[in-house]
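Only one structure is covered here, and it is reproduced in the block below.
The values are calculated or read from the model by the stated rules, or taken from the named source; none is laboratory data. If you're wondering where the values come from, they're calculated on a predicted model, not measured in any experiment. Here the Cβ positions follow ideal geometry from the backbone for every residue, glycine too, while neighbour counts run over all protein chains shown. Remember, those area values only see protein heavy atoms, side chains included, never the ligands or the DNA or RNA. Shrake-Rupley method; radii C 1.70, N 1.55, O 1.52, S 1.80 Å.
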2 protein chains.
Amino acid sequence: MKIQLALDRMEIAEAIELTRKVEDSIDWIEVGTSLIKEFGIASIKEMKQAFPNKQILADIKTIDNARYEFELCFEAGADVATVMGVSPLVTIDICMEVANRYHKKVMIDLLNTSDEQKRELRKYKDAIFCEHVSKDQQEESGSQNHGTGQGVFSGFQVAAAGGINLDSIEDLAKSLNPAVVIIGSAITKAVNPSEAAAKFKQLILQTEGIKAC
Amino acid sequence: MKIQLALDRMEIAEAIELTRKVEDSIDWIEVGTSLIKEFGIASIKEMKQAFPNKQILADIKTIDNARYEFELCFEAGADVATVMGVSPLVTIDICMEVANRYHKKVMIDLLNTSDEQKRELRKYKDAIFCEHVSKDQQEESGSQNHGTGQGVFSGFQVAAAGGINLDSIEDLAKSLNPAVVIIGSAITKAVNPSEAAAKFKQLILQTEGIKAC
């Protein structure tokens, strides 16, 4: 299980400084939507330059203009870029095609997708599917439910995002068993981010150790 | 009927230069999603500084993190900002609340919304509803269908976007009767953008003249 550090609502320099403190404990770096919308594609470029050996995920949340946006991301150094599962399928087709051409990956964000949409999305076998409790759902409704299993995405690469903390990660690992856990404020807003990230890593290694037994 | 000039897939300086050529014929200036994602919020700030007397629409396509994104847009000088109709309703609630606090407007982009979602969105009486044929749907499937009437949004402020040109605007005006027509490449890619914009304005004035008779 990989840890993706989500960086949001901060300056690029702050994102770099924060990542330096935790880089030994995390696997992927997410350039959050708010960084891209506030500072543009420069946010992806600067993160890749600062951490050339990490996987960089651009959370661009494409919903149209897929070729233009995905080419921007990959040219800027992103290894993975996101598209909304609620997009027209033609948009997701283009994302898959561009990613394939660049030998990069697509993460499909399942935020607010219907069951029917989820079933249709199963045709994208090379994608990573992200079960996503949005910031607004967490902050306004207190929701943290990522579902109780991989459901229609059993056998696919699955990621989980939204309000994951040290108390919830073990249950999440057992129920959803994601390939990637996306952690934001539980690390970035911790009193000691380095210590928090190390604890997440330790818990994940323990959980995987138990599973391997 | 107002003309909203959509600026996409270009540098900020090019967007300003192009808008200078057509400003007498257009009403609203749309800072396109691609400008925001490529260059950040600076794209909104620079357009408002260059055209302080025009209405600036920030096509930020919010789908989460609504308070942060909408405050960024309005603080940068936007008069209208967009949210996706496929978002969780809690996100759209926040957009409406922030816009209300700033005395600004929300445009709800209906791209890929279901009939059920459209009916739910009718509760946002102060919003502008945008019937949207996406770039990807136009370019990959050749689709240009904006529907044949205002449907569930009869009596609401409606905008139409996607592939509108000099041949289609009269039919669109008659069938959908939008408050705002969003025109991109039919002006920005015209051999003579100033002439193209003036023709759109003339056609709209004629159509409105016929209706007033």
Please identify which residues in the stretch B:1-35 have an amide N closer than 14 Å to a label point set 7 Å out from the Cα of residue B:185, following the Cα→Cβ vector.
-> B:6-10
Log10 I(q)/I(0) at q = 0.19 Å⁻¹ for the stretch B:99-140, from Debye over equal alpha-carbon scatterers, is -0.66
Expected 222 nm ellipticity per residue - DSSP helices of 4 or more, -39500 (n - 2.57), all of the protein assembly as shown, to 500 | -13000 deg cm²/dmol
Two-decimal log10 I(q)/I(0) for the protein assembly as shown, as the Debye equation yields it once each C-alpha is a single scatterer, q = 0.07, 0.09 Å⁻¹ = -0.34, -0.56
Lys pairs in the stretch A:99-150, Cα-Cα under 18 Å, at least 8 apart or on separate chains: how many?
-> 4
Please work out the Kirkwood hydrodynamic radius for the stretch A:80-160, using every pair of different C-alpha atoms, and report it in angstroms with one decimal place.
-> 13.2 Å
Fraction of antiparallel bridges per DSSP, chain A only, in percent to nearest 5 = 0 percent
Measuring from centroid to centroid over Cα atoms, what is the spacing of the stretch B:35-72 and the stretch A:80-98 in Å?
-> 24 Å
Here D for the stretch A:122-211, in µm²/s, from Stokes-Einstein with a Kirkwood Rh over Cα pairs at 4 °C and 1.567 mPa s, works out to 94 µm²/s
Averaging over all projection directions, find the projected area of the Cα convex hull of the stretch A:32-81 and quote it in nm² with one decimal place.
-> 3.0 nm²
Give me the lysines in straight-line cross-link reach of residue B:201: C-alpha distance below 19 Å, same-chain residues under 8 apart excluded.
-> B:2, B:21, B:54, B:174, B:189, B:211
Under a 1.4 Å probe, what is the accessible area of the protein assembly as shown per residue, stated in Å²?
-> 42 Å²
Within the stretch A:163-204, DSSP-loop trypsin sites (Lys or Arg not before Pro) with at most 11 other C-beta atoms within 10 Å are A:189
For the stretch A:8-157, treating each Cα as an identical point scatterer without solvent, what Debye log10 I(q)/I(0) comes out at q = 0.09 1/Å?
-> -0.28
